[in-house]
Amino acid sequence: MATTAPRKQSLKERISTALRPKSSGKRLVRKSLDYSDLDAEGKLSRATSAGSSASKQTRRSTVDNTPKVDIQTGERRDNTELLHSLAHQGSFDSIPDFVEPRWRNHDAKLGNEIFANLPDGIWERVLMFMSPADAACLALTSRPLRDRIGVDIWHTLNLPENRDHKINFLVLLDSYFPGHLFCYPCAVYHLRTQKGQEKLKPTIVLNPLFKCPWANEPLPLPLKLRIAPGHTLPFAFVQLVLRARHNSPSYGLPIHSLARRWKSRESEWSHQTSYYYHKGHLLLRVISKSFAMPNLPPSGLRHLLYSREDYFPYFSACAHWRDGELMNLCKCALSHIPKPKESIAQQLQKGPQIQLGLRNVNPIVTLCSNCRPMRRCPECPTEYLIEIKFEEDRTDPNNRFKQAIVVTRWSDLGDGTTPMSAEWAACNGFAEYDSFGKLGRRGISGVFESQNGVALPGQRMLSLNPRNEKLGEEGHNWY
Ligand SMILES: [Zn+2]
Ligand SMILES: [Zn+2]
Ligand SMILES: [Zn+2]
C-alpha cells in the first residue's frame, strides 16, 4: 500500500509559520492579580467580571471535600483541612478539634474489631503503667482507642499538677505546627509573628518571636544561654533550627543563620560563634580572642578577663566557670606571653643593661602542662581550649603583630525539645550532669572540628574542676 509522505517545508515556509501571529490575536499584557479570581486551589479562574455569576458557580463546584492530588508533589490534599488550617490565627485551644480530621483516614472498623477483643481489665492494666502524656498519645492514635481510654485523659492532662506531662505531650505534636512555636512558660503553641524572618539579635534589642504574656517576666527556666556580654542565645532559636532540620525549612531557620562574628564595644575582645548539627543535637563553638600584653599585674589580668558589668568573664563560659580552674588557667596562659622583640640599640636607649635573648624572641608560645591540655567541665557538656596566638592587629599601624589569648568553648546544647532537656539545662546550671560519664573520648570538640576534616591533635582531656569544688561565688578560685 502506497503512503503519501508529508511534504517537506521549505525554510521560508518554516520561518513564516514560526512568526505567524497567535490565533487569539491578542498581545500578552501584564495583569495585576485580583485575589477574588483565585479558586480554592489557588489557581486563577478564567472568568471575567462580566460572567461573575457563572464563575462563582464554577468556583463553588471546585470546592468539594474529595482529596485532590497535587500535580507537583503527587500528595493527596484535603482542601477542607487546608482552609480550616488557614483560618487559625492563634494557638489551637482544643486538641479534639485538631485531631478529629486526622482520624478520618484510620480504618475504624478494623481497629474496633481488634480493640473490642481485649477485655476492659487489660486496658486498665495497660494504662496503669503509662504516664498521662503516654495515655493521651495512645488516645490520639484512633477513635476506637479514644473511646476505650475516655476523653477524661485530656482533662487530667490539663490539671496544674500534670503540667510537665502536658508539656511532654504537646511537644510531641510539634511536627503538626510549622507556623507555631511551643512556649514553655505558657505550655501553649504561639503563632510565629516573624515566620521565616526570625533573626538572632544582641540581647539589648527587643526581638519577640511570638506574643507571650510572660515575655518580659523573670522566670525560673533557662530560656537563654549566655554567650558573651550583651549576647545570648534564646532557647526559641534552638527550637527553630532543630525543627527545620527534623521536618522541613518552613518549620524554622537553617543552622548557619545563627553564626555570628562581632567585636565587643567595651573591651578588646572579639567573638565568633558557629553551630553544628550532630545526631539530633545542636553543638555550639565560640572562639573568643583578645590581644594581651606580657607581664600583666593581677589588676591588669582582671581588667583583661572580667566584664566590668557583671564580673563574668569576657569570653564565653558555662555556668560553672567559678568552680574549678578556668580563670587560673587563663592567667597561667597569659604568664607565658614573652616580652616583645628588642634590638640591642633599642635596649641601650633604656639603660646600659642588655639581654641578648630579647633580640630573637620566638613568637610561637608553648604553654605549660597545666594550661595547655583541653579541659572539660565535669558538670555540663562543655569543653575549653586556651591558646596564646601571634595575631595581626589591623587597627594598630605601629605594632602590627601581637600575642593574643584565644579561648575556645564547645558545648552540646541538647535536642531542643524542652529548656529542661539534660544538656541545655546543665549548660545553664539548672540540672546535674555527669559529662565524663556521658561524653565519649572523642568529646564535643572532636565531633565539631571533624565536620571540616580538622582532626584536633591528640590531647589529654582534663577536668576543669579536678577537686570537684562546688562553692560558686563563695569560692576563692574565680577572682
Ligand atoms: Zn507564652
Ligand atoms: Zn601555663
Ligand atoms: Zn559547666
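Taking the stated definitions as given, is C330 within 16 Å of ligand 3 (Cβ to nearest atom), of a type in the set (A, V, I, L, M, F, W, C) and out of contact with any Lys or Arg (no Cβ under 9 Å at 6 or more places or on another chain)? When the stated conditions are applied, C330 passes them. Residues in region 188-201 that are surrounded by 14 or more Cβ atoms within 10 Å (Cβ to Cβ) and under 22 Å from H231 (Cβ atoms): 2 in all. If the condition is being part of a helix (DSSP H, G or I) and among the polar types (S, T, N, Q), then region 132-164 contributes T141, T156, N162. Among the residues of region 398-408, the ones that are within 16 Å of ligand 2 (Cβ to nearest atom) and not hydrophobic (A, V, I, L, M, F, W, C) come to 1 in all. Condition first: among the hydroxyl-bearing types (S, T, Y) and over 28 Å from K224 (Cβ atoms). Now tell me which residues in region 145-187 satisfy that. Matches in region 145-187: T156 only. Select from region 356-397 the residues that are aliphatic (A, V, I, L, M), within 11 Å of ligand 2 (Cβ to nearest atom) and either under 20 Å from H320 (Cα atoms) or more than 36 Å from the chain's Cα centre (by Cα) (or both) and list them in ascending order. Hits for region 356-397 are V365, I386. If you go through region 307-351 and keep only what is among the acidic types (D, E) and either over 27 Å from the mean Cα position of the chain (by Cα) or crowded, with 22+ Cβ neighbours inside 10 Å (or both), you end up with E309, D323, E325, E342. Restricting region 307-346 to residues that are of a type in the set (A, V, I, L, M, F, W, C) and assigned to a loop (DSSP other than H, G, I, E, B), which is nearest to ligand 2 (Cβ to nearest atom)? Filtering region 307-346 for residues that are of a type in the set (A, V, I, L, M, F, W, C) and assigned to a loop (DSSP other than H, G, I, E, B), the one nearest to ligand 2 (Cβ to nearest atom) comes out as I337. Only one of the numbered conditions (1) more than 15 Å from L462 (Cα to Cα); (2) crowded, with 21+ Cβ neighbours inside 10 Å; (3) in contact with a Cys (Cβ under 9 Å, 6 or more places away or on another chain) is not met by C377, and that is (1). Screening L157, L209 for residues that are in contact with a His (Cβ under 9 Å, 6 or more places away or on another chain), surrounded by 19 or more Cβ atoms within 10 Å (Cβ to Cβ) and within 21 Å of T232 (Cα to Cα) leaves exactly one candidate, L209. Only residues that are surrounded by fewer than 19 Cβ atoms within 10 Å (Cβ to Cβ) and part of a loop (DSSP other than H, G, I, E, B) were counted across region 271-306, and they come to 7.
Read-outs: derived from the displayed coordinates by stated rules, not from any lab. Bear in mind that the values here come from a model prediction, so they are computed numbers and not experimental data. Cβ sites come from the backbone with ideal geometry, for glycine too, and all protein chains shown count toward neighbours.
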